[in-house]
1. Can you list the helices (runs of 4 or more DSSP H) found entirely within the stretch 201-285 that contain at least 3 residues being within 25 Å of residue 297 (Cβ to Cβ) and within 16 Å of the ligand (Cβ to nearest atom)?
2. Hey, can you tell me all the residues within the stretch 15-50 that are outside any helix (DSSP H, G or I) and touching a residue at least 12 places away in the same chain (Cβ under 8 Å)?
3. Consider the stretch 555-572. How many of its residues are touching a strand residue (DSSP E or B) at 6+ places or on another chain (Cβ under 9 Å), part of a helix (DSSP H, G or I) and touching a residue at least 12 places away in the same chain (Cβ under 8 Å)?
4. Looking at the stretch 92-118, which of its residues are away from the ligand (no atom under 15 Å from the Cβ) and part of a helix (DSSP H, G or I)?
5. Could you list, ordered by first residue, the pairs with Cβ atoms under 8 Å in which the first is in the stretch 216-233 and within 27 Å of residue 182 (Cβ to Cβ) and the second is within 13 Å of the ligand (Cβ to nearest atom) and assigned to a loop (DSSP other than H, G, I, E, B), at least 6 apart or interchain?
6. Is it the case, given these coordinates, that residue 192 is touching a helix residue (DSSP H, G or I) at 6+ places or on another chain (Cβ under 6 Å), at pLDDT below 90 and more than 15 Å from the ligand (Cβ to nearest atom)?
7. Residues that are at pLDDT 90 or above and closer than 30 Å to residue 472 by Cα: find the helices (runs of 4 or more DSSP H) completely inside the stretch 573-682 holding 3 or more of those.
Ligand code: IVH
């Protein structure tokens, strides 16, 4: 028995070490495959001998379900905030005040002000034991299981660490994770997050740490405290934390004068756009701990630090009206129509209002003058109302009680921000949305069957549901006059379908019958079933009947399927009409099973010159013989791990023409093999 215990200890230590080398040092020394094998071995041992599972076990990185609500825990030292300012004069005042009080013999540390949510981590004997959110500053939520999934947070410290340590920092969602998450949400018909901060805080409060792991959060450390520390200043304490296995920002600077502080501020006001995460300002701190103590804190904020916040580029414009769009899942999204205004180089005419709560928070009234801001690739949002411009008789904007399309009474589920129209079967935008989703590229990929065509065919009563697409004949489509509109819904032109386009459309419909099962399942448009979940389901259950007949417990046994998704699947197939729809689609010859002989769905990898199974591959540029997405899909089916950005973990870059020079240079620098399409395909 002792052997097993030792083996578990040894594997845990090694895996934690490899994790650190990979995520913190960006310098892995073993292959992903070897890492996965070690992890599997540890998982198996822990399953058989749960009594030996360690509190710092790396298997917790993958997460699981938390059944109860989060425990409330009191912070040993309250989490106070920072004095904030948008004015450079106030930073100068801060500096003057300090110099009067403690003289000139001190230095500042300038750091980025990360835009996420604050977290306090407790390490006892080097092991992460508790992670608490700020909460009200005195008491927060114990979110330890979720925090343990974040790879840059060590589960166990290395080196000469204090026995009892409190580390504080910000949980953030990198842009790359944020974009991926919102794409997945959109594909699954869920509401998207308005910004990375909301996404990070929504994620950390999830009751399913597996999903937390999937969303790839990150941690930015900004304070280290322990009674045992012999270090006398903040800067060195962070450097010390680096030795214990934490990832520390490369972007901090010691500054002697206020001019140097402003150099740092000015630099980052411009260069923040290049970071893969949001910052909303710069934090200026006195470096020396003794001086910090001497200055102390008010009830709310320390006197030794100040946060200078960047002004987001904003514009003031009039709210013309609010549209309520009905999505394919019935979710209602309010969209503000604005008087056109210039902002950060583009003309803004619309802004998403996301949901009823946001309208309420802004206390929006008709014809209000509103501030719009834009950040990175994120759509503009309304951040405030200029009350001085509000006329007395302007009416409050009231979120509708009834569906703007079909007049059904809207519903709102407990805990959800969105309102839904429950009239799934007869509400026109939902019907059209479902069909358009079905034909879309990642679903059945029926070319030339976009929103306009769908809308026209439904309005003319030629099709009523997705299965009707397969009954379409040449004469149903030939001569159809499609109206095209620009992004503001202004009519641009009418184009009628000619012979060739009609032939192509019919052929594309026929071709779609060969689409792999996971595309078909995704195309059905079941809520929360995005492309990734669909792949997991089809791989695990093999055919549609197994999914239809699966119980709740069967479903959650499948990797990445949680209670909510399982519930949606059960509900979908409990509806007789959906079963009939699937039966009709089956009768038209669509693919509803996975062939066991193939690695994925009816996949044939004989076209590949190189075995890419398990390899990390980046596809970039434009290709002669294939579409980029086609290549990605193909490589994914061949067992390659197709990722979007180049890192030291990347095995191959498949480069087409016009690959970005920065990407190319990075690949060369990291020594990644660069291959052309001819080098990998027969
Ligand atoms: S120091 C005693 N440093 O901003 C003060 N905070 O608006 C400890 N934040 O509560 C905070 N980046 O959640 C500090 N480099 C940084 C920060 C930072 C982001 C957050 C933190 C804090 C809030 C104050």
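The values are calculated or read from the model by the stated rules, or taken from the named source; none is laboratory data. Note that this is a predicted model, so its numbers are computed, not measured. So basically every Cβ, Gly included, is an ideal-geometry build from the backbone, and we count neighbours across all protein chains shown.
1. 234-243, 258-271
2. 24, 26, 27, 28, 30, 49
3. Going through the stretch 555-572 one residue at a time, the tally reaches 2.
4. 92, 93, 95, 96, 97, 98, 99, 100, 101, 102
5. Here the result reads 218/277; 220/116; 220/249; 220/277; 221/248; 221/249, each pair linking the stretch 216-233 to a residue that is within 13 Å of the ligand (Cβ to nearest atom) and assigned to a loop (DSSP other than H, G, I, E, B).
6. So residue 192 passes the test.
7. 576-587
Residues checked against (1) outside any helix (DSSP H, G or I); (2) at pLDDT 95 or above; (3) away from the ligand (no atom under 16 Å from the Cβ):
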position: 123; (1), (2), (3): yes, yes, yes
position: 128; (1), (2), (3): yes, yes, yes
position: 132; (1), (2), (3): yes, yes, no
position: 137; (1), (2), (3): yes, no, no
position: 141; (1), (2), (3): yes, no, no
position: 162; (1), (2), (3): yes, yes, yes
position: 169; (1), (2), (3): yes, yes, no
position: 177; (1), (2), (3): no, no, yes
position: 182; (1), (2), (3): no, no, yes
